[in-house]
Amino acid sequence: MTAINDSRFLHEVFLLTGIPGREYIYLWISIPFFLIYITSIMGNTFIVVVIKKDPSLHEPMYIFLSMLAITDLGLSITTMLTTLQIFLLNSREISLDACFAQLYFIHSISCIESSVLLFMSFDRLIAISDPLRYASILTPQRLAKMWLVCVLRGVVVNLPYPILLKRFQYCRANVLTHSCCTHGEVMRMACSDVTVNVTYGLWNALLTQGLDSLLIFLSYVMILKTVLSITSKAECLRALNTCVSHLCAVLAFYMPCIGLTLMHRFGKSSSLVQIILGYIYLLFPPLMNPIVYSVKSKHLRMKIVRMFVNCQFLHSV
């Protein structure tokens, strides 16, 4: 009777995976993971607060950056608990409902971030190709509508994932490859027909991140065409320099995503490279985006330093 109950219990939970074969150093591995999460949360929080409080930063570029920081905060918070519980507590179990909720937030936030990166590419295109109408095109009201579209798109298009997965019974192996839940992996654990999930997941990926990446590429083709028409080499380099931070954010987001998708399709399901790439996809963008933008934007960097110094001064007083 106990064996039956245990078997039923295993079918009602999933087992997350840290780094297989490295369990004896999980406590040491947890230290850099913890530092990365704290740095990501603090860095993105500082960016959001500084941009909100400083009227001089209420420009389209910085407002889009605050949107990006909010999505990175959401992604870090969504994945932090399960990742740290594996490495700190060696606790791998996650209930079905908690898993469905986590994968919904991960996919929704990733979709929102992809939309924000797309709008940021439009921002750079307008700033370079039509600078005189830049402020009149990207008005605060229009920026608010764009943010609303990003959020609604991410929330709505990923809502079927937990609903579809909730219908299934899970009777196959319940060990997931990563330290968090994703739709593709959970779907493969079901002992039911998942054709609808596969079809919807494919079209969702193509019409969201796939379409966004294509439009971002086309935006940069137009940006490059405009920049190359500038006769002054100094002005040309200055225009390209304004795109460096955004290009870094795009590469940090899409490269691990594409690599992970290809490895899921063609690689071994539990390879160490795939697991590490999954951590890079979840940890690298939220960590690097505030660093890159702070380094590239002297104005933003000075505002963050000033705010940090003021906080330290008030704390000491």
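The values are calculated or read from the model by the stated rules, or taken from the named source; none is laboratory data. None of the values given here were measured: they were computed from a predicted structure. All Cβ positions, even for glycine, are placed from backbone atoms using ideal geometry, and neighbour counts span all protein chains on display.
Points worth noting:
- Residues that are assigned to a helix (DSSP H, G or I), among the aliphatic types (A, V, I, L, M) and closer than 24 Å to Pro160 by Cα, drawn from region 82-116: Leu96, Ala98, Ala101, Leu103, Ile106, Ile109, Ile112, Val116
- Evaluation of Ala190 against (1) at pLDDT 95 or above; (2) under 30 Å from Ile19 (Cβ atoms) (one fails), failing number: (1)
- Scanning region 180-212 for residues that are hydroxyl-bearing (Ser, Thr, Tyr), within 16 Å of the chain's Cα centre (by Cα) and either in a loop (DSSP other than H, G, I, E, B) or over 24 Å from Thr78 (Cα atoms) (or both) turns up just one, Thr182.
- Residue in region 74-94 that is closer than 18 Å to Ser179 by Cα, among the small types (Gly, Ala, Ser) and more than 13 Å from the chain's Cα centre (by Cα) present: yes
- Top-ranked residue of region 127-150 - restricted to ones that are surrounded by 18 or more Cβ atoms within 10 Å (Cβ to Cβ) and aliphatic (A, V, I, L, M), ranked as farthest from Phe100 (Cα to Cα): Ile128
- Across region 65-78, not a single residue is classified as polar (S, T, N, Q) and surrounded by fewer than 19 Cβ atoms within 10 Å (Cβ to Cβ).
- Residues that are at pLDDT 85 or above, surrounded by fewer than 16 Cβ atoms within 10 Å (Cβ to Cβ), of a type outside the set (Phe, Trp, Tyr) and assigned to a helix (DSSP H, G or I) within region 3-38 comprise Ile25, Leu27, Ile31, Pro32, Leu35, Ile38, listed in sequence order.
- Any hit, region 257-278, residues being among the hydroxyl-bearing types (Ser, Thr, Tyr) and either farther than 28 Å from Glu185 by Cα or touching a Phe, Trp or Tyr at 6+ places or on another chain (Cβ under 8 Å) (or both): no
- Some residue of region 109-127 being of a type outside the set (Val, Ile, Thr), over 24 Å from Val250 (Cβ atoms) and touching a helix residue (DSSP H, G or I) at 6+ places or on another chain (Cβ under 9 Å): no
- Output for region 145-179, where each listed residue is within 24 Å of the chain's Cα centre (by Cα) and either farther than 25 Å from Ala205 by Cα or not in a helix (DSSP H, G or I) (or both): Asn158, Leu159, Val175, Leu176, Thr177, His178, Ser179
- Within region 228-246, the set of residues being over 18 Å from Cys111 (Cα atoms) and either modelled with pLDDT of 90 or more or not in a helix (DSSP H, G or I) (or both) comprises Ser229, Ile230, Thr231, Ser232, Thr242, Cys243, Val244, Ser245.
- Restricting region 260-317 to residues that are outside any helix (DSSP H, G or I) and modelled with pLDDT under 70 leaves a set whose member that is surrounded by the fewest Cβ atoms within 10 Å (Cβ to Cβ) is Val317.
- Counted residues, region 120-140 - those being within 25 Å of the chain's Cα centre (by Cα), more than 19 Å from Lys225 (Cα to Cα) and in a helix (DSSP H, G or I): 1
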